[in-house]
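What follows is a single structure, written as structure tokens, with notes after it.
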Amino acid sequence: MKFPNDADGNALQSLYKDGVNFKKQQSVDFFVAVPDKATGEKLSQVLKAEGFNCFLEQDDETEEWACCCSKRMLLNYNEIIQIQNKLNSLSKPLGGYSDGWGVFVD
């Protein structure tokens with residue numbers, strides 16, 4: 001399977017090499033960095049209205065805040081890019097930005 005030569009494509013390539021089933025929906029976690037807890041709470045409500053499951057967390061070391069959003073989906077490069085772009089456009093007015101994604105592999 002071929003993937004674009006960028007960070008998202010490399011992550012998908014790695015998952016593929018690890019034997020993740022690309023024909024089965026996975027729970028994909030998307031991370032959105034936010035400036036503070038209050039902003040994160042506002043953004044969580046916006047993202048929940050868009051169909052994401054969200055929770056807010058603070059990094060113990062850096063004390064930075066992030067909205068963690070998950071969506072069950074097939075691992076598809078274009079869809080992942082579209083979701084990250086959507087998260088960027090929804091979070092930017094509140095001072096946030098899409099900060100990557102991941103999949104928990106058994």
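The values are calculated or read from the model by the stated rules, or taken from the named source; none is laboratory data. The structure presented is a predicted model; accordingly, all values stated were derived computationally and were not measured. Cβ atoms come from the backbone with ideal geometry, glycine included; neighbour counts cover every protein chain shown.
Within region 1-23, residues that are among the acidic types (Asp, Glu) sit with their Cβ atoms under 8 Å from residues that are surrounded by 11 or more Cβ atoms within 10 Å (Cβ to Cβ) and assigned to a helix (DSSP H, G or I), at 6+ positions apart or across chains, in these pairs: Asp8/Tyr77; Asp8/Ile80; Asp8/Ile81; Asp8/Gln84.
Which of the residues that make up region 57-89 are over 23 Å from Asn10 (Cβ atoms) and over 13 Å from the mean Cα position of the chain (by Cα)? Selection gives Glu57, Gln58, Asp59, Asp60, Glu61, Thr62, Glu63, Glu64, Trp65, Ser89. Taking first residues from region 52-72 that are without any contact (Cβ under 8 Å) to a residue 12 or more places away in the chain and partners that are buried (at least 18 other Cβ atoms within 10 Å of the Cβ) and of a type in the set (A, V, I, L, M), the Cβ contacts under 7 Å between residues at least 6 apart in sequence or on separate chains come to Glu57/Ala66. How many residues are assigned to a helix (DSSP H, G or I), among the charged types (D, E, K, R) and touching a strand residue (DSSP E or B) at 6+ places or on another chain (Cβ under 8 Å) if we restrict to region 9-36? Here the count works out to 0. When region 59-76 is filtered for residues that are farther than 19 Å from Phe104 by Cβ and out of contact with any Lys or Arg (no Cβ under 7 Å at 6 or more places or on another chain), the ones remaining, listed by number, are Asp60, Glu61, Thr62, Glu63, Glu64.
Let's see how each residue does on (1) modelled with pLDDT under 95; (2) part of a strand (DSSP E or B); (3) over 22 Å from Val103 (Cα atoms):
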position	(1), (2), (3)
Ala38	no, no, yes
Ser44	yes, no, no
Lys48	yes, no, no
Gly51	yes, no, no
Phe55	yes, yes, no
Thr62	yes, no, yes
Lys71	yes, yes, no
Leu75	no, no, no
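For region 79-102, the condition of being touching a helix residue (DSSP H, G or I) at 6+ places or on another chain (Cβ under 9 Å), assigned to a loop (DSSP other than H, G, I, E, B), surrounded by 15 or more Cβ atoms within 10 Å (Cβ to Cβ) and of a type outside the set (Lys, Arg) holds for at least one residue. Scanning region 7-26 for residues that are farther than 13 Å from Trp101 by Cβ and of a type outside the set (Ser, Thr, Tyr) yields a count of 10.
Being touching a helix residue (DSSP H, G or I) at 6+ places or on another chain (Cβ under 9 Å) and among the aromatic types (Phe, Trp, Tyr) is the filter; apply it to region 1-30 and report the residue that is surrounded by the fewest Cβ atoms within 10 Å (Cβ to Cβ). Here the answer is Phe22.
Of the residues making up region 78-101, those that are in contact with a Phe, Trp or Tyr (Cβ under 8 Å, 6 or more places away or on another chain) and not hydroxyl-bearing (Ser, Thr, Tyr) number 8.
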